[in-house]
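Asks: Provided herewith is a single structure, encoded as structure tokens, for subsequent inquiry.
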Amino acid sequence: MNQMKMTEEEFSTVLSFFRREYVPRKFFFLKAGQIAKYKAYINKGSVRNFTTDEKGGEHILYFSFEDWWVGDLESFYNQQPATINVQAMEDCEILCLQKNDLERLGEQIPKLKQLFVEKEKRSLFSHIQRLQEVKSLSAEDRYLNLINKHPEIFQRIPLQYIAMYLDIEPQSLSRMRKRLSCK
């Protein structure tokens, strides 16, 4: 969040609107069906964003790490029930911002509004790219893309969740990793 040039006064103003929250590993920041009261910035930690089907199967949409905004944006902006779950994969420190505070901040500090727009565009582009990968790439190519984008992921996220994200069985992921490491 501090990549943007702000004066000390602006930075203090911005921080005054946020509520710091700690989400322990495995706890939920948001559950499907709840109204997203906050847009949250990950200061430290990682989360998984997933849906659950009618049989109880989980489908990981994406992982979020430091310097990412998380939550269900549709729920946040339209105040309707969330369709995704956001669960901490590590102990997380997040900075929470309510909708009315987001709007007030954008009015008080116009360059901050632009930062929010840029972050949301980055998120949108990432989601589109993820959808393209799921629809057009093999599991192996999705795995290689994941390693290239987030080489640290295997130290931070349990293999079962990475396999779920790649839409393959954990055993298949283990075999694939072993085979590719021998190349």
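The values are calculated or read from the model by the stated rules, or taken from the named source; none is laboratory data. Because the structure is predicted, anything quoted here is derived from the model rather than measured. Cβ: placed from backbone, ideal geometry, glycine included. Neighbour counts: every protein chain shown. Note: accessible area is taken over every heavy atom of the protein model, side chains too, but ligands, DNA and RNA are not part of it. Shrake-Rupley method; radii C 1.70, N 1.55, O 1.52, S 1.80 Å.
Asks: How much length would be gained if the chain were fully extended between Lys44 and Glu152, taking 0.36 nm per residue of separation minus their Cα-Cα distance, in nm to one decimal?
Replies: 37.4 nm
Asks: Taking the Cα atoms of region 7-63 alone, what are Rg (to one decimal) and Dmax (as a whole number) in Å?
Replies: In Å, with Rg to one decimal and Dmax whole: 15.2, 51.
Asks: Heavy-atom accessible area of Asp91 with all protein chains present, probe 1.4 Å, nearest 10 Å²?
Replies: 100 Å²
Asks: Return the calculated 222 nm mean residue ellipticity for the chain, to the nearest 500 deg cm²/dmol, obtained by summing -39500 (n - 2.57) across DSSP H runs with n ≥ 4 and dividing by the residue count.
Replies: Using -39500 (n - 2.57) per qualifying helix, the result is -14500 deg cm²/dmol.
Asks: From the residues Gln160, Ser16, Val117, which one has its Cα farthest along the dipole of the chain in the positive direction, the dipole being from +1 and -1 charges on Cβ of Lys/Arg and Asp/Glu about the Cα centre?
Replies: Gln160
Asks: Moving to a separate point now. For the chain, take the longest principal axis of its alpha carbons; what is the angle in degrees between that and the long axis of helix 139-149, to the nearest 10 within 0 to 90?
Replies: Its long axis makes an angle of about 40 degrees.
Asks: Still on this model: For region 33-115, list log₁₀ I(q)/I(0) at each q in 0.13, 0.14, 0.25 Å⁻¹, using the Debye formula over Cα point scatterers of equal strength and ignoring solvent, two decimals each.
Replies: With one equal scatterer per Cα and no solvent, log10 I(q)/I(0) is -0.45, -0.52, -1.24.
Asks: Rounded if a/c is under 1.5, else prolate if a/b beats b/c, else oblate: with a ≥ b ≥ c from the C-alpha gyration tensor eigenvalues square-rooted, which is region 131-183?
Replies: Taking the square roots of the gyration eigenvalues as a ≥ b ≥ c, region 131-183 is rounded.
Asks: Given the pairs Lys55/Lys121; Lys55/Lys119; Lys39/Lys121; Lys44/Lys135; Lys113/Lys149; Lys119/Lys149, which are separated by over 23 angstrom at their Cα positions?
Replies: Pairs exceeding 23 Å: Lys55/Lys121; Lys55/Lys119; Lys44/Lys135; Lys113/Lys149.
Asks: Something else about it: For helix 99-108, what angle does its Cα long axis make with the longest principal axis of the chain, in degrees from 0 to 90 and rounded to 10?
Replies: Computed tilt is about 60 degrees.
Asks: Using a 1.4 Å probe, what is the accessible area per residue for the chain, in Å²?
Replies: So the chain comes to 58 Å² accessible per residue, rounded to a whole number.
Asks: Using DSSP to call loops (not H, G, I, E or B), can you name the GluC sites (Glu not before Pro) in region 1-96 whose Cβ has at most 11 other Cβ atoms within 10 angstrom?
Replies: Of the GluC sites (Glu not before Pro), the ones in loops of region 1-96 whose Cβ has at most 11 other Cβ atoms within 10 Å are Glu54.
Asks: A further question follows. For helix 170-181, report the angle its Cα long axis makes with the longest principal axis of the Cα atoms of the chain; keep it between 0 and 90° and round to the nearest 10°.
Replies: 80 degrees
Asks: Using a 1.4 Å probe and counting only protein heavy atoms, arrange Phe116, Phe154 so the residue with the most accessible area comes first.
Replies: In descending accessible area the options line up as Phe154, Phe116.
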